[in-house]
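For reference, the structure is listed below as structure tokens.
The values are calculated or read from the model by the stated rules, or taken from the named source; none is laboratory data. For clarity, every value in this text was computed on a predicted model and none was experimentally measured. FYI the Cβ positions are ideal-geometry reconstructions off the backbone, even for glycines, and counts take in every protein chain you see. Each accessible area value is taken on the protein alone, full model and side chains, heavy atoms only, with ligands, DNA and RNA left out. Shrake-Rupley method; radii C 1.70, N 1.55, O 1.52, S 1.80 Å.
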Amino acid sequence: MQLDPATLLVVNSTVTLLAGALFLTSWRQAPEERTLAYWGVAHLVGAAGTTGLALRGQIPDPVSVGLSNAVILCAYGLIWSGVRSFERRHPRVGLAMAGALIWCALCFIPAFYESLTLRIVYASGVATLYCGAATIEIWRGRAERLASRFTAAAVLGLHGAFYAVRIPATLLAPPQVDRNPLASPWVAILCFATILFSIAAAFTFMALVKERAEREQRIAASTDALTGVRNRRAFVTAAVAALGSRDDGALLLFDLDRFKAVNDVHGHAVGDAVLVGFCTMATSLLPHNALLGRMGGEEFVCFLPRISAAEALARAEDVRKAFARLRVPELPELRVSVSIGIAQAHRGLGLDALMRRADAALYAAKNGGRDRVAVAARAA
């Protein structure tokens, strides 16, 4: 069964148009997601370019050959820009348009414009570069674990690979000049590949945006809004999981000394800055696997897995000394300190019991004069 190439191009254009409309509709519902706008415009532009190709022979060749292909190359550039926007990098729209602009310039050179082989090789090369660059951008962002990320990279990579294969195929078997270019088997293959790409991209890219939104909501729900560390609920969940998998570790309970006086004398803005400063400093000094959380007010807690009692004490002293040295040039009279209670974890000791022991040690540090570390005696 043979399908009319122009009909395939129209179907391709229609599918791409619908995908673009879907992206733009989603963007209207979430205007802050500019990525959806880039991908929506890219698909609409691609649909327009494909329509121009379908009208080959019915409209002037400079439009169906020169302009339509330039528009399609713009679409691939915009897809790359959309991926960069998704990865929170500068979209670089100028570079996205460069492939199309160079195409337009080359079309004014008779040797290029009259050579179907050169036109196919250049257009395929540009599409390969944009798809490959978009694949790399997606892969570079893999530290952000999104379920659809690898699928998106595969969709973009496979589509780019299709265009890459088309280059040597064209050079090894140049198309016949006397035939209608739309009658080439490559046109049918290209249409099917682009239709599949448009459908897969719509599902995959929309899933990426949705997964990121859900991930950010989960993070917001588990993060203290002021300091950026875990809130009480998130800390308890993480600490219980860590305790359940190990018998060793230490719990550190921090309480900023005379914090109410800081708020009363210098104002709540300075007090908030002190809380943020403490968390920033503690995060930089504590091990990378430390579970730091805010229990409320000026009280913080940290569980250190796989750590000895001596090392836990050393880490606590580092935090205490560093915080005591904190100075604000605009407020030379501001002095801050922290008291710390430590309880060592062992088999059979749950988080609640560990917290009570650390709290008792913290109480001893407070009663001992503040700005010090106290260690709870190990239970028998």
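Per residue of the stretch 349-354, what does 6.51 cos²θ - 1.76 cosθ + 1.60 with θ = phi - 60° give for ³J(HN,Hα)? Whole Hz please, x for Gly and Pro, Karplus curve as stated.
Here the 3J(HN,Hα) series is 9, x, 5, 4, 5, 5 Hz.
Accessible area per residue, 1.4 Å probe, Å², for the stretch 73-151: what's the number?
Value for the stretch 73-151: 47 Å² per residue.
Using only helices, what value at 222 nm comes out for the chain when you add -39,500 (n - 2.57) per DSSP H run of length 4 or more and divide by the total residues, to the nearest 500 deg cm²/dmol?
Calculated at 222 nm, the ellipticity per residue is -22000 deg cm²/dmol.
Apply the Karplus curve 6.51 cos²θ - 1.76 cosθ + 1.60, θ = phi - 60°, to the phi angles in the stretch 10-15 and return the couplings in whole Hz, x for Gly and Pro.
3J(HN,Hα) across the stretch 10-15, in whole Hz: 5, 4, 4, 4, 5, 5.
How large is ³J(HN,Hα) for each residue in the stretch 133-149, as worked out from phi by the Karplus curve 6.51 cos²θ - 1.76 cosθ + 1.60 (θ = phi - 60°), to whole Hz, x for Gly and Pro?
Once rounded to whole Hz, the list reads 5, 5, 4, 5, 4, 4, 5, 4, x, 5, 4, 7, 7, 10, 4, 8, 4.
What Kirkwood hydrodynamic radius, in Å, does the stretch 62-142 give when the mean of 1/r is taken over all pairs of distinct Cα atoms and then inverted?
When all Cα pairs of the stretch 62-142 are included, the Kirkwood radius is 13.1 Å.
Cβ neighbours within 10 Å, averaged per peptide: list 278-286, 339-347 in order, most packed at the top.
So the peptides 278-286, 339-347, ranked by packing, come out 339-347, 278-286.
Take every Cα pair under 8 Å in the chain that's 6+ residues apart, average their separations, divide by the length, and report that relative contact order as a whole percent.
12
With the cut-off at 17 Å, report for the stretch 258-318 the share of all Cα pairs above it, as a whole percent. Don't jump to the answer; show the numbers that get you there.
Details: 837 of 1830 pairs.
In whole percent, the share of Cα-Cα pairs in the stretch 258-318 beyond 17 Å is 46.
Where the centroid of each part is defined by its Cα atoms, how far is the stretch 19-87 from the stretch 321-346 in Å?
56
Give the Debye-formula value of log10 I(q)/I(0) at each listed q (0.10, 0.12, 0.15 Å⁻¹), with one equal scatterer per alpha carbon of the chain, two decimals each.
The Debye formula, applied to the Cα set alone, gives -0.74, -0.86, -1.16.
Once you list every other residue whose beta carbon is under 14 Å from the beta carbon of V10, what net charge do they have if Lys and Arg are +1 and Asp and Glu are -1?
Local net charge: 0.
What does the charge count around A134 come to, taking other residues whose C-beta lies under 13 Å from its C-beta (Lys +1, Arg +1, Asp -1, Glu -1)?
+3
Between helix 93-106 and the chain, what is the angle of the helix's C-alpha long axis to the longest principal axis, kept within 0 to 90° and rounded to the nearest 10?
The answer is roughly 20 degrees.
To the nearest 10 degrees, how steep is helix 68-86 against the longest Cα principal axis of the chain, on a 0 to 90 scale?
Compared with the principal axis, the helix lies near 10 degrees.
Run the accessible area of the stretch 88-223 with a 1.4 Å probe and give the carbon-and-sulfur part as a rounded percent.
It is 71 percent, rounded to a whole number.
Contact order normalised by length for the stretch 1-111, with contacts defined as Cα pairs under 8 Å and 6 or more residues apart; what percent is it?
Here the relative contact order equals 24 percent.
For S337, which sequence-distant residues (separation of 5 or more, or a different chain) have an amide H within less than 5 Å of its own amide H, given hydrogens modelled in the peptide plane?
Those qualifying (amide H under 5 Å, at least 5 residues apart or on another chain) are D257.
May I ask what percent, to the nearest 5, of DSSP beta bridges between residues of the chain are antiparallel?
80
On average, how much accessible surface per residue is there in the stretch 239-347, in Å², for a 1.4 Å probe, leaving out ligands, DNA and RNA?
For the stretch 239-347, the per-residue accessible area is 45 Å².
Give me the net charge for the shell around S308: Cβ to Cβ below 11 angstrom, other residues only, Lys and Arg +1, Asp and Glu -1.
0
Could you work out the percent of alpha carbon pairs in the stretch 175-306 separated by over 20 Å, rounded to a whole number?
Numbers: 5528 of 8646 pairs.
In whole percent, the long-distance tail amounts to 64.
Can you compute log10 of I(q)/I(0) for the stretch 249-380 with the Debye formula, treating each Cα as one identical point scatterer, at q = 0.09, 0.20, 0.21 Å⁻¹?
Those come out to -0.25, -1.13, -1.23, one per q.
Compute the orientation-averaged projected area for the stretch 233-292 from the convex hull of its Cα atoms and round it to one decimal in nm².
Details: hull surface 19.9 nm².
Hull-based average projected area comes out at 5.0 nm².
Enter the accessible area of K366 (Å², nearest 10), with the probe set to 1.4 Å and all protein chains included.
Roll a 1.4 Å probe over it and K366 shows about 50 Å².
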